[in-house]
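Right, one structure below, let's go through it.
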Amino acid sequence: LKNWVGAARATELLNNVTDMQRYLSLTKQKLLFDAGVAAWKTGDAKKADRYLTEVEELDSNSPYMNDVYFLRAEIRIFLKRFEDARRDLARVATRGMQLKRLGYWNKAQVLTGETFLAEKDYNKAYASFSFVADALLQKTKDQIDPHSASPEFAPYLEQALYRAAFCASLLGMNQEPDFIVDQYVKKYGEFYPNGKYASEIRSLPKPITQK
């Protein structure tokens with residue numbers, strides 16, 4: 001213990017059972033999370049899912065839970081467990097709103113949209129993407145909240161605008177009085193003139209008929 005936290009901190013922990021238990025729990029959480037990341041990187045999705053679930057079982061209020069939920073959702077999307085992925089994303093979206101960290105909420109909405117898109121449920125996909133995209137329509141880039149605009153979360157704003165335009169186009173929504181697809185395309189060009197989806201958003205699909 002001294003080698004990990006130093007002599008003074010080790011003495012404090014040994015003299016306080018509650019602090020020691022908390023420290024040991026946090027250490028185990030970190031080890032399990034790292035094991036989940038490693039398993040995912042080596043292609044063992046099911047093992048990664050198990051490790052991340054163990055973190056949640058150990059402490060559902062773990063400081064690692066936002067990362068756990070996002071990574072486990074990514075894994076479950078890969079495994080085509082879309083409903084399970086959406087449950088994780090709903091949890092982290094709620095936490096984001098409670099913490100007033102809108103970047104978490106935006107990312108969760110965009111990834112939720114991707115799950116519906118994978119299932120070809122374009123109405124629900126559009127609803128998820130538009131939660132984020134519609135909020136951008138009335139803003140300039142410098143009005144975006146700092147958490148959402150941070151390097152970790154900014155790509156999801158761009159993705160939301162493109163995907164909202166994509167789904168709205170498929171659903172035949174570019175009609176009077178709003179011409180909503182045109183609004184998304186215009187805002188995308190304003191925010192991301194050389195963006196990742198710059199060519200795709202200029203050639204959106206034609207409307208389809210959903211059953």
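The figures follow:
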item	result
Residue ID - most open to solvent (accessible area, probe 1.4 Å), chosen from residues in the stretch 79-89 that are over 18 Å from VAL55 (Cβ atoms) and either assigned to a helix (DSSP H, G or I) or among the acidic types (Asp, Glu) (or both)	GLU83
Residue match in the stretch 26-35 (condition: modelled with pLDDT under 90, of a type in the set (D, E, K, R) and farther than 28 Å from ASP145 by Cβ)	yes
Near pairs, Cβ below 8 angstrom, 6+ apart or cross-chain, from the stretch 31-54 (among the β-branched types (Val, Ile, Thr)) to any residue that is in a helix (DSSP H, G or I)	VAL37/ALA48; VAL37/LEU71; THR53/ARG72
Selected residue [under 21 Å from the mean Cα position of the chain (by Cα), at pLDDT below 95 and surrounded by fewer than 21 Cβ atoms within 10 Å (Cβ to Cβ)] from PRO146, PRO155, PRO177	PRO146
Qualifying position, being surrounded by fewer than 19 Cβ atoms within 10 Å (Cβ to Cβ) and farther than 21 Å from GLU158 by Cα, among LEU32, LEU58, LEU52	LEU58
Positions within the stretch 113-134 being open to solvent by 20 Å² or more (accessible area, probe 1.4 Å) and part of a helix (DSSP H, G or I), in sequence order	GLU114, PHE116, LEU117, ALA118, TYR122, ASN123, LYS124, TYR126, ALA127, PHE131, ASP134
Matching residues, the stretch 61-78, being open to solvent by 60 Å² or more (accessible area, probe 1.4 Å) and either farther than 18 Å from TRP105 by Cβ or hydrophobic (A, V, I, L, M, F, W, C) (or both)	ASN61, PRO63, PHE78
Exclusive hit being of a type in the set (A, V, I, L, M, F, W, C) and open to solvent by less than 20 Å² (accessible area, probe 1.4 Å), set LEU170, LEU137	LEU170
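The values are calculated or read from the model by the stated rules, or taken from the named source; none is laboratory data. Since the structure is predicted, the reported quantities are computational estimates derived from the model, not experimental observations. Ideal geometry is used to build each Cβ from the backbone, glycine not excepted, and the neighbour counts take in all protein chains shown. Keep in mind that these areas ignore ligands, DNA and RNA; they rest on the heavy atoms of the full protein, side chains included. Shrake-Rupley method; radii C 1.70, N 1.55, O 1.52, S 1.80 Å.
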